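**Student:** Handing you this structure, nothing more for now.
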Amino acid sequence: MRESFDASTPDRDLVRAIRRGRSEDAFNVLYDRHTPRAFKTAWRLLGASVHDAEDAVQEAWMRAIESLHTWSDESAFGAWLRGIAAHVAIDALRKTARFAPEADGEWSDEEWSSDRLDLETAIVGLPAGYRTVLVLHDVEGFTHEEIGAQLGITAGTSKGQLFKARRAVRARLAPKEVEGGIPSEGAKRRSEERSGGRA
C-alpha cells in the first residue's frame, strides 16, 4: 500500500519516506512547505535577484537531497535547508565578485529615491557584505561564529558588519528631516500631523 502524505505530515516522516524509497509525494510536500522561505533567504542575500535566487534554491535542494542522510530530526528541517540555501547564495556572490565582507560598502543617495522605504528595500540596497551578515544573523538566526565560518571572516568582523548594516538600514528607513537646511516634504508633513494641521 502506498503511503499518503499531506501538509500535516511532520518533516521527519517525509524525510524518512524520501530516504527509504525516494518518495516523490513526500518530496513534493517537503518542497512546497520549505521552498518559499529558502527562496526568500536566497533572494535577500543575492540582492533581490529572482533568477539568481531561483537557481540558488534549486541547487540547495539538490545538495539537500544528496546529503539528506546528514539531517537529524533534532534540528528543524527548514532551518537546515535555509542554511544550505545561504551557502549556495554566498558561493554565487563570491563567484560573481559581488561579495566583499570586510570592505565598507559605498552607495549613493540616488539609489534611495523615496522619502521612506520599506525594510526589504533597505536590506536589498545594502552592499553585499553588510546584507549577507544582516540576513544571516537577524533574519536566519546564525551566530557570529557560524557566520564567520561560512564567510571565512572572524566573529568580530561579522559583528562589525552587522553593526554597520543595522546603522545603514536605520538611516535609510528614517525620513530625511532636513535637506540642505530646508525641511523635506516628509518632515513638513510629519510636523503638520503632529500639530494637527496648524502651520
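**Student:** Residue check, S72 against (1) closer than 19 Å to R20 by Cβ; (2) part of a helix (DSSP H, G or I); (3) polar (S, T, N, Q), all met but one. Which one?
**Tutor:** If we test S72 against (1) closer than 19 Å to R20 by Cβ; (2) part of a helix (DSSP H, G or I); (3) polar (S, T, N, Q), just (2) comes out false.
**Student:** Continuing with this model, one more query. Being closer than 24 Å to G125 by Cα, in contact with an Asp or Glu (Cβ under 6 Å, 6 or more places away or on another chain) and either among the small types (G, A, S) or crowded, with 17+ Cβ neighbours inside 10 Å (or both) is the requirement here; does L46 meet it?
**Tutor:** Yes: the conditions hold for L46.
**Student:** Name the one entry in R166, R190, R172 that is in a helix (DSSP H, G or I), more than 16 Å from T41 (Cβ to Cβ), modelled with pLDDT of 90 or more and of a type in the set (K, R).
**Tutor:** Exactly one residue qualifies, and that residue is R166.
**Student:** What number of residues in segment 24-43 are of a type outside the set (D, E), more than 17 Å from G83 (Cα to Cα) and surrounded by fewer than 19 Cβ atoms within 10 Å (Cβ to Cβ)?
**Tutor:** Count: 2.
**Student:** Only one of A76, A100, A56, A60 is at pLDDT 90 or above, of a type in the set (A, V, I, L, M) and within 20 Å of Y130 (Cα to Cα). Can you tell me which?
**Tutor:** Going through A76, A100, A56, A60 in turn, just one is at pLDDT 90 or above, of a type in the set (A, V, I, L, M) and within 20 Å of Y130 (Cα to Cα): A56.
**Student:** Same structure, new question: Give the residue that is surrounded by the fewest Cβ atoms within 10 Å (Cβ to Cβ), with candidates limited to residues of segment 49-78 that are among the acidic types (D, E) and farther than 24 Å from T121 by Cα.
**Tutor:** Going through the qualifying residues, I end up with E74.
Here's the yes/no breakdown for (1) in contact with a Ser or Thr (Cβ under 9 Å, 6 or more places away or on another chain); (2) within 24 Å of D6 (Cβ to Cβ):
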{"position": "D25", "(1), (2)": "yes, yes"}
{"position": "A38", "(1), (2)": "no, yes"}
{"position": "W43", "(1), (2)": "yes, no"}
{"position": "G47", "(1), (2)": "no, no"}
{"position": "E54", "(1), (2)": "no, no"}
{"position": "E66", "(1), (2)": "no, no"}
{"position": "R82", "(1), (2)": "yes, yes"}
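The values are calculated or read from the model by the stated rules, or taken from the named source; none is laboratory data. Given the structure is predicted, the values throughout are model-derived calculations rather than measurements. All Cβ positions, even for glycine, are placed from backbone atoms using ideal geometry, and neighbour counts span all protein chains on display.
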